Amino acid sequence: MTEARPRPRRTVGDSLEEFERDLISNLYYQRGTTIESASGPDGYHTLAVTVRDRLVDRYARTAAAHYAANPRFVYYLSAEYLLGRQLRQNLLYTDTERWVRPIAEDLGVSPEALEVYDVEPGLGNGGLGRLAACLMDSMATLDIPAVGYGIRYEFGIFKQTFRDGKQVERPDDWTFYGNPWEFPAPDDRQLVGFYGTTVADPKDPENLRRKWTPGETVRGEPSHMLVPGYGTQTVNIIRLWQARASRESFDLARFGVGQYVEAVDDIVRAENISKVLYPDDSTEPGRELRLKQQYFLVACSLRDIIRRYRLRNSGWEGFADKVVIQLNDTHPVMAVTELMRLLVDEHGLGWDEAWGITRRTFNYTCHTLLPEALETWPVQLLERLLPRHMEIVYAINHFFLEEVRQAYPGDEDVVRRMSIIQEGDERRVRMAHLAVVGSTAVNGVAELHTKLLAGTTLHDFAQLWPERFHNVTNGVTPRRFLRMANPALSELITEMLGDEGWLTDLERLHGLGPHADDPAFRAAWRDVKRHNKAGLAAAVERSTGVLIDPDALCDVMIKRFHEYKRQQLKLLHVITMMNRIRADPQATYVPRTVLFGGKAAPGYHAMKLLIELVNAVAGVVNTDPVVSRYLRVVFPADYNVTKAQFIIPAADLSEQISLAGKEASGTGNMKLALNGALTIGTLDGANIEIRDRVGADNFFLFGMDTPAATALRRSGYSPRSFYEADFELRLAVDTIASGTFAKGDRDVFAPVVDAMLGRDEYMALADYRSYVDCQDTVAEAWTDPDRWTRMSILNTARCGFFSSDRTVREYCEQIWKVDPVRVGEA
Ligand code: BZD
């Protein structure tokens, strides 16, 4: 916020004594209870608000510094944020962590016992949402003036449970016990229109300015979460919008005649807009409510951005100098048309001037390559829901296609391909095209991804406007994914490097490299990994009942379930290991624990069945007295950020086995490598950049690259020929088909077998042999602990590049052109 306020006065102290005093006072005055009678939740909420108060003080100083500097701001628009738990992060960032244990012990509680009440806000699906959180963390850490905008879903990503091995979804009522980390800001509410009609403006002969009278109005109420920077005073915010009925929605007439339920119809309809996160990752069914959500986010946020701009500025000429908006995928792309509408219809600017401002303001990040994941919306739906915006899309498209025709005279084919409107039985708006046309910069999220975007998916646009295309390889925050997730390794790193400076300068990890050959350091490194694995083993045993050996190779595949990510390939390997042990029980094998984690979209039946199969395979493997000596399969339910923080530090092997050319980047791959896991992976997404940095000797590469995969597809891929040519593959597939994992019932998993032998869309069978052979070299490497540990150390040492601080710096330099604003100490 940049509101002018008197300089804030500090109300919290920064000594242990003051912290303890505030805790007791907050328990008494905020929770209305005493130490003697406080419950667990009382303790948690008290600690949370006591820590939060320290951030509020910094936030107030940040707002004052921003107001004074009137800088250029980054506004990050994202339909998703996966922030993870807040308590431990904020203890770390306020440097109060060190006081909590002694105080808690004094009071007879453990901090860990309180942390169970710290609910993770699951406001996202996967990588895209978590990336938004990492970038916000890095922006604050780098003192970049920034605000994130999102939706305050009442129900976040569903909770996954297993019943008879099947995924069962339960609602995620994350605010049930209250959320101590957010501040409501009802004064900044906004009104958003839907439906209705448009009429011409008699003063505009060109008919580019029109007036929209919405048929329904909904209120957007903001609250914000604080986003502190590490090692700095900056605290930015993420502003989350919740839909509320506008005041007139209560139907008194109906209420008066006894229609109590009908009287609140409009209220329910309005509030449904932010009711639930769409649990889809990449497969998007077109649904009206989802489009309503998207426009709701965009309309509220743009009004808020303009409100903030006007606190220190006037006129529109300077708008794009003070405001840069980053669109996180196409979900918020209606912002392009909304800003045009605001400028042209409501503020009276000419079309060309408005378009110049709009195009200078927006930038777009693309997170996919799957054509089916590129959002499109039916024209008919848009005409009904957002009639004025549809007119604006037509006008933008009209001027854009004029430009295309000028560039390619007579080539109507290119016009058809590039048009924002996709023609056909049902005409649809291509959101990615609108995004590219309306933006200054477009970026992919890893080098290969950007290359493929410019070469295939958005090829025509890259030809026309090469200067718009950029690559910004993703990154992850080392604070959450190394320091918080892996305190033991962090301590060892700090000891080796002399100080904690690496936390904000991750390339300093290179300093570990020379110690990779030091036996004492290796032993210490191994001890840390073993300690983390023992911790994970205990947690897994508690949650799944399965015992795992902390000395076994910990082989981890954690990500959303999707065919292109190829959990089915990992499973074929597991079954092959099982079959080998059964065929020759006397031989010796490298003991392995294979850990799966991830959710499938509730409507994604193929992947839900695969989840069931993973659980069934786990059941057979873990109860076979011979096989389970060497192999265990575990699948803790409900993988989320909190669980990632437990699992990643314990991993020895990171599975990054997507079909080359399909995974845009991946960020789990970076988190795992940073924590010393070795990657087994294809040349896909950021795997390539990881391998380039850690060195080919320290990375297990297998499978086809993108050109090979494309060539095989073109030549007519036949999964059956791979099945027939490879004995072990055939046996693995047949083991599934035989009913081994369904108590002899051959039907249950028949669709999995049919999918593999029928289409095998992502060519798992073609990569099977190369994968299994590569896994054999992994097992071989594991038998030499010194070699393995050396490789592990080098992975951590050489992954400093994958800090999201570097990512944000690149966005700042290439795209945002923003400068930091330092916030003074109190
Ligand atoms: O974005 C992911 C990509 O699959 C990863 O390769 C990449 O690393 C991350 C971050 O750039 N994409 C998603 O996570 N996508 C979604 O979650 C999503 C959500 C709703 C609708 C469509 C996609």
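The values are calculated or read from the model by the stated rules, or taken from the named source; none is laboratory data. Note that the coordinates shown come from a computational prediction; the quantities given were computed from them, not determined experimentally. Please note: Cβ atoms are built from the backbone with ideal geometry, for glycine as well, and neighbour counts cover all protein chains shown.
For the reader, a short list of remarks on this structure follows.
- Criterion (surrounded by fewer than 18 Cβ atoms within 10 Å (Cβ to Cβ), without any contact (Cβ under 8 Å) to a residue 40 or more places away in the chain and outside the structural domain of Ile493 (by TED's automatic domain parsing)) met by exactly one of Glu825, Glu813: Glu813
- Within region 303-334, the set of residues being without any contact (Cβ under 8 Å) to a residue 60 or more places away in the chain and either in a loop (DSSP other than H, G, I, E, B) or of a type in the set (Val, Ile, Thr) (or both) comprises Ile306, Ser314, Gly315, Trp316, Glu317, Gly318.
- Where strands (runs of 3 or more DSSP E) fall entirely within region 157-266, those with at least 1 residues that are of a type in the set (Gly, Ala, Ser) and touching a Cys at 6+ places or on another chain (Cβ under 6 Å) are at 216-228.
- Failed criterion for Asn125 (all others in (1) more than 25 Å from Asp14 (Cβ to Cβ); (2) surrounded by 24 or more Cβ atoms within 10 Å (Cβ to Cβ); (3) within 15 Å of the ligand (Cβ to nearest atom) hold): (2)
- Ala650 fulfils the conditions (1) within 20 Å of the chain's Cα centre (by Cα); (2) closer than 30 Å to Ala488 by Cα except for a single criterion, (1).
- Of all residues in region 128-158, those being away from the ligand (no atom under 16 Å from the Cβ) and either touching a His at 6+ places or on another chain (Cβ under 8 Å) or of a type outside the set (A, V, I, L, M, F, W, C) (or both) number 6.
- Leading residue by the ranking (surrounded by the most Cβ atoms within 10 Å (Cβ to Cβ)) among those in region 368-395 that are charged (D, E, K, R) and under 29 Å from the mean Cα position of the chain (by Cα): Glu375
- Scanning region 70-108 for residues that are among the basic types (Lys, Arg) and part of a helix (DSSP H, G or I) yields Arg88, Arg98, Arg101.
- Only one of the numbered conditions (1) farther than 20 Å from Arg384 by Cα; (2) of a type outside the set (Asp, Glu); (3) surrounded by 15 or more Cβ atoms within 10 Å (Cβ to Cβ); (4) out of contact with any strand residue (DSSP E or B) (no Cβ under 6 Å at 6 or more places or on another chain) is violated by Gln242, and that is (4).
- Top-ranked residue of region 109-122 - restricted to ones that are outside any helix (DSSP H, G or I) and of a type in the set (A, V, I, L, M), ranked as nearest to the ligand (Cβ to nearest atom): Val119
- A count restricted to region 455-496 and to residues that are part of a helix (DSSP H, G or I), of a type in the set (A, V, I, L, M) and within 19 Å of the chain's Cα centre (by Cα) stands at 2.
- Index of the failed condition, Ser628 passing every other in (1) over 18 Å from Arg542 (Cα atoms); (2) of a type in the set (Ser, Thr, Tyr); (3) touching a Lys or Arg at 6+ places or on another chain (Cβ under 6 Å): (3)
- Check on Pro602, surrounded by fewer than 18 Cβ atoms within 10 Å (Cβ to Cβ), in contact (Cβ under 8 Å) with a residue 24 or more places away in the chain and outside any helix (DSSP H, G or I): yes
- Matching residues in region 435-455 - criterion: being out of contact with any Phe, Trp or Tyr (no Cβ under 9 Å at 6 or more places or on another chain) and either of a type in the set (A, V, I, L, M) or within 16 Å of the ligand (Cβ to nearest atom) (or both): Val445, Ala446, Glu447, Leu448, His449, Lys451, Leu452
- Flag for His531 being farther than 23 Å from Glu655 by Cα, part of a helix (DSSP H, G or I) and touching a residue at least 12 places away in the same chain (Cβ under 8 Å): no
- Restricting region 718-769 to residues that are under 33 Å from the mean Cα position of the chain (by Cα) and hydroxyl-bearing (Ser, Thr, Tyr), the residue that is surrounded by the fewest Cβ atoms within 10 Å (Cβ to Cβ) is Tyr762.
- Among the candidates Phe296, Phe319, the residue that is modelled with pLDDT of 95 or more, in contact with a strand residue (DSSP E or B) (Cβ under 6 Å, 6 or more places away or on another chain) and surrounded by 15 or more Cβ atoms within 10 Å (Cβ to Cβ) is uniquely Phe296.
- Hits in region 680-707 - residues which are within 21 Å of the chain's Cα centre (by Cα) and either surrounded by fewer than 24 Cβ atoms within 10 Å (Cβ to Cβ) or not assigned by TED's automatic domain parsing to the domain that holds Leu509 (or both): Ile688, Glu689
- Within region 659-669, the residues that satisfy the criterion of being near the ligand (Cβ under 9 Å from one of its atoms) and either in contact with a Cys (Cβ under 7 Å, 6 or more places away or on another chain) or in contact (Cβ under 8 Å) with a residue 24 or more places away in the chain (or both) are Lys662, Glu663, Ala664, Ser665, Gly666, Thr667, Gly668.
- Criterion violated by Gln242 - all others in (1) closer than 30 Å to Glu372 by Cβ; (2) touching a residue at least 60 places away in the same chain (Cβ under 8 Å) satisfied: (1)
- Leading residue by the ranking (nearest to Lys292 (Cα to Cα)) among those in region 160-178 that are of a type outside the set (A, V, I, L, M, F, W, C) and in contact with a Pro (Cβ under 7 Å, 6 or more places away or on another chain): Glu169
- Enumerated helices (runs of 4 or more DSSP H) restricted to region 721-826, each holding at least 1 residues that are under 19 Å from Leu701 (Cα atoms) and touching a helix residue (DSSP H, G or I) at 6+ places or on another chain (Cβ under 9 Å): 764-782, 785-797
- Region 352-367 - residue that is touching a residue at least 40 places away in the same chain (Cβ under 8 Å) and under 18 Å from Tyr309 (Cα atoms) and, of those, nearest to the chain's Cα centre (by Cα): Phe362
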